[in-house]
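Q: Quick one: this structure, given as structure tokens, is what I'll be asking you about.
Each value in this text was obtained by applying a stated rule to the coordinates, not by laboratory testing. Quick caveat, the model's predicted, so the values are computed rather than measured. Glycine also receives a Cβ, built like all others from the backbone with ideal geometry; neighbour counts cover every protein chain displayed.
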């Protein structure tokens, strides 16, 4: 991941120097193209489940660069920490295949910011991830509303989609079950 941080720093600096770079709004879909390489596959010659998480991390780094929130996060000592991921694998992405990773913020509540990340090949979804994250500033947990205000996001969260509400209920049920045992 160090190489991804370096890549993001370089891309961010390059974007600042280019006059024609247009930054996207925070709630936009941010796309990044990848090609499946030898380091990404398993014995079945398709993307290994753990590699999906690496691609998703790269997509989240790109989100902050393309939405021009990278510098603010560094300046404000703001950090996001992943609190949960739910994955669905629909179709296999085979060795050598090119795909787009689409990352977008789909909303927030009092504790978490929710992201959707889709792996798309030829306009078809091959895998789908939901991510919930918390924000820390200078090591202290802050609300999503406070973090997004620092990032210059002026919109309010729309109602969370039904599948996200179901995921939240499932997380609560898992927590209750774990506490009971």
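Q: Which of 95, 119, 43 comes first, and how do the rest follow, when ranked by fewest Cβ neighbours within 10 Å? Intermediate values should be presented prior to the final figure.
A: On the way: 95 15, 119 25, 43 6.
Least to most surrounded, the residues fall as 43, 95, 119.
Q: Let me ask another. Report the gain in length on full extension from residue 173 to residue 72: 0.36 nm times residue separation, minus Cα-Cα distance, nm rounded to one decimal.
A: Once the chain is fully extended between residue 173 and residue 72, it gains 32.8 nm.
Q: How would you rank 42, 100, 123, 62, going from fewest to most other Cβ atoms within 10 Å of each one's own Cβ?
A: Numbers: 42 12, 100 17, 123 6, 62 20.
The most exposed by this proxy come first: 123, 42, 100, 62.
Q: I'd like the distance between the alpha-carbon centres of the range 22-96 and the range 110-151, rounded to an integer number of Å.
A: Cα centroid of the range 22-96 versus Cα centroid of the range 110-151: 11 Å apart.
Q: Kindly identify the range 83-181 as rounded, prolate or oblate by the Cα gyration tensor criterion: order the square roots of the eigenvalues as a ≥ b ≥ c, call it rounded if a/c is under 1.5, otherwise compare a/b with b/c, prolate if a/b is larger, else oblate. Walk me through the numbers on the way to the answer.
A: On the way: a/c = 2.11, a/b = 1.32, b/c = 1.59.
Here the range 83-181 falls in the oblate category.
Q: Run the simple label-point estimate for residue 81 and residue 165 please: 7 Å along Cα→C-beta, distance reported in nm.
A: 2.9 nm
Q: Give me 30, 125 sorted ascending by neighbouring Cβ count inside 10 Å, so fewest comes first. Kindly include the intermediate steps, with their values, before the conclusion.
A: Values: 30 20, 125 13.
By the 10 Å Cβ count, ascending, the order reads 125, 30.
Q: Between residue 149 and residue 54, what is the FRET efficiency for a Förster distance of 45 Å, r being their Cβ-Cβ separation, to the nearest 0.05?
A: Details: r = 31 Å, r/R0 = 0.68.
For residue 149 and residue 54, the calculated efficiency is 0.90.
Q: Here is a follow-up. If each of residue 123 and residue 89 carries a label point 7 Å out from its Cα toward its Cβ, how far apart are those two points in nm?
A: Output for this residue pair reads 2.7 nm.
Q: Based on the alpha-carbon gyration tensor of the chain and its eigenvalue square roots a ≥ b ≥ c, which shape applies: rounded if a/c is under 1.5, prolate if not and a/b is larger than b/c, or oblate? Please report the intermediate quantities before stating the final value.
A: On the way: a/c = 1.69, a/b = 1.03, b/c = 1.64.
Note, shape of the chain comes out oblate.
Q: Using helices alone, I'd like the mean residue ellipticity at 222 nm for the chain: each DSSP H run of four-plus residues gives -39500 (n - 2.57), total over residue count, nearest 500. Please report the intermediate quantities before stating the final value.
A: Details: 5 runs with 66 residues, N = 181.
Using -39500 (n - 2.57) per qualifying helix, the result is -11500 deg cm²/dmol.
Q: Got the relative contact order for the chain handy, in percent, Cα pairs under 8 Å and 6 or more residues apart? Walk me through the numbers before you get to the answer.
A: On the way: 265 pairs, mean separation 38.2, N = 181.
After rounding, I find 21 percent.
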